[in-house]
Amino acid sequence: MRIQPSILSADFVNIQAGIESVASADAVHVDVMDNHFVPNLTFGPEMVRRVQAVSPIPLDVHLMITDVDRWAPGYAELGAFSVTFHAEATSDPVGLARTLRSLGARAGLALKPGTDVTPYLELLPEFDQLLVMTVEPGFGGQSFMTELMPKVAAVRSAIDAGSLEVWLQVDGGISTETIGRAAEAGADTFVAGFSVFGASNAAEAIGDLRAAAEAAHSH
Ligand code: DX5
Ligand code: ZN
């Protein structure tokens, strides 16, 4: 059970302190948005390069951008542990995954809530992570979409059937209230923005999320 706080909900003029406050997490989730793939804008490679330089934990980069073939490899080159791009943003997901892996990063594939997972299940061996979005990508602090749990379960079945070592990540609306549902459906990697950075004690919030996920998983 991996917890990955999203710096989308951190103080953008004090990102370094924000990351240090979540150093007990497994990775820091970095949401790159281009105001084109999603109707919001965050930061690009130069910012992420500095975040990589100061972060005590690995970077899980989530690209909500178009033109991924042009931009994604740069995030692997700057040292990100994992680089996830959207299936909706490329016509060659396997080619890009192979490029990312050859550059030393884990390769992730993300699906918006409305995207059918079925055609992507056979591509799972080409990836290290599959991200099932549990909100419409673009903004933090939205409500968890429980109706996506059958999709999570379908991915879990395919991972287990193939004995694959693919991490199954969920992102959007994860809190101590909702994380159990995602864990029961088969998720093992949880992004949390508002529920960590909106808490009075981020380290405590991470511990609470981890405990809730583990409790649900051992059911
Ligand atoms: C949304 C981003 C998420 C966001 C999650 O498009 O991909 O990573 O930060 O924020 P919360 O946990 O607040 O829903
Ligand atoms: Zn994200």
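Of all residues in the range 148-162, those being farther than 18 Å from Met1 by Cα, exposed (fewer than 15 other Cβ atoms within 10 Å of the Cβ) and either of a type in the set (Gly, Ala, Ser) or within 16 Å of ligand 1 (Cβ to nearest atom) (or both) number 2. Test Phe85 against the criterion of being modelled with pLDDT of 95 or more, aromatic (Phe, Trp, Tyr) and closer than 22 Å to Pro113 by Cα, and give yes or no. Yes. Listed by first and then second residue, the pairs linking a residue in the range 49-75 that is at positive phi to a residue that is assigned to a helix (DSSP H, G or I) and modelled with pLDDT of 95 or more, with Cβ atoms under 8 Å apart and 6 or more places separating them unless they lie on different chains, are Asp67/Ala89.
Whenever a residue of the range 111-137 is farther than 10 Å from Lys151 by Cα and among the polar types (S, T, N, Q), its partners that are part of a loop (DSSP other than H, G, I, E, B) and more than 16 Å from ligand 1 (Cβ to nearest atom), lying with C-beta atoms within less than 9 angstrom and at least six residues away or across chains, give the pairs Gln129/Val166. The criterion of being surrounded by 17 or more Cβ atoms within 10 Å (Cβ to Cβ) and out of contact with any Asp or Glu (no Cβ under 9 Å at 6 or more places or on another chain) does not hold for Leu8.
Quick check on Gly172: is it in contact with a helix residue (DSSP H, G or I) (Cβ under 6 Å, 6 or more places away or on another chain), at pLDDT 95 or above and near ligand 1 (Cβ under 8 Å from one of its atoms)?
Details: in contact with a helix residue (DSSP H, G or I) (Cβ under 6 Å, 6 or more places away or on another chain): no; at pLDDT 95 or above: yes; near ligand 1 (Cβ under 8 Å from one of its atoms): yes.
Against the criterion (in contact with a helix residue (DSSP H, G or I) (Cβ under 6 Å, 6 or more places away or on another chain), at pLDDT 95 or above and near ligand 1 (Cβ under 8 Å from one of its atoms)), Gly172 does not qualify.
Of the helices (runs of 4 or more DSSP H) contained entirely in the range 1-88, those carrying at least 3 residues that are out of contact with any strand residue (DSSP E or B) (no Cβ under 7 Å at 6 or more places or on another chain) and either more than 28 Å from Ala211 (Cα to Cα) or within 12 Å of ligand 1 (Cβ to nearest atom) (or both) fall at 45-54, 68-77.
Being touching a strand residue (DSSP E or B) at 6+ places or on another chain (Cβ under 6 Å) and buried (at least 20 other Cβ atoms within 10 Å of the Cβ) is the filter here; which residues of the range 95-110 pass it? Steps first, answer last, please.
Just the residues of the range 95-110 that are touching a strand residue (DSSP E or B) at 6+ places or on another chain (Cβ under 6 Å), to begin with: 97, 100-101, 105-106, 108-110.
Listed by number, the residues that qualify are Ala97, Leu100, Ala105, Arg106, Gly108, Leu109, Ala110.
For the range 123-143, filtering for residues that are more than 7 Å from ligand 1 (Cβ to nearest atom), of a type in the set (A, V, I, L, M, F, W, C) and surrounded by fewer than 19 Cβ atoms within 10 Å (Cβ to Cβ) leaves 1. Residues in the range 189-204 that are out of contact with any Phe, Trp or Tyr (no Cβ under 6 Å at 6 or more places or on another chain), more than 18 Å from Gln142 (Cβ to Cβ) and either buried (at least 19 other Cβ atoms within 10 Å of the Cβ) or touching a residue at least 12 places away in the same chain (Cβ under 8 Å) (or both): 2 in all. For the subset of the range 69-86 comprising residues that are in contact with a helix residue (DSSP H, G or I) (Cβ under 8 Å, 6 or more places away or on another chain) and surrounded by fewer than 19 Cβ atoms within 10 Å (Cβ to Cβ), which member is nearest to Ala25 (Cα to Cα)? For the range 69-86, the residue satisfying everything is Gly79.
The values are calculated or read from the model by the stated rules, or taken from the named source; none is laboratory data. Just so it is clear, the model here is predicted, and its values are computed rather than measured. Cβ coordinates were reconstructed from backbone atoms using ideal geometry, including for glycine residues, and neighbour counts include every protein chain displayed.
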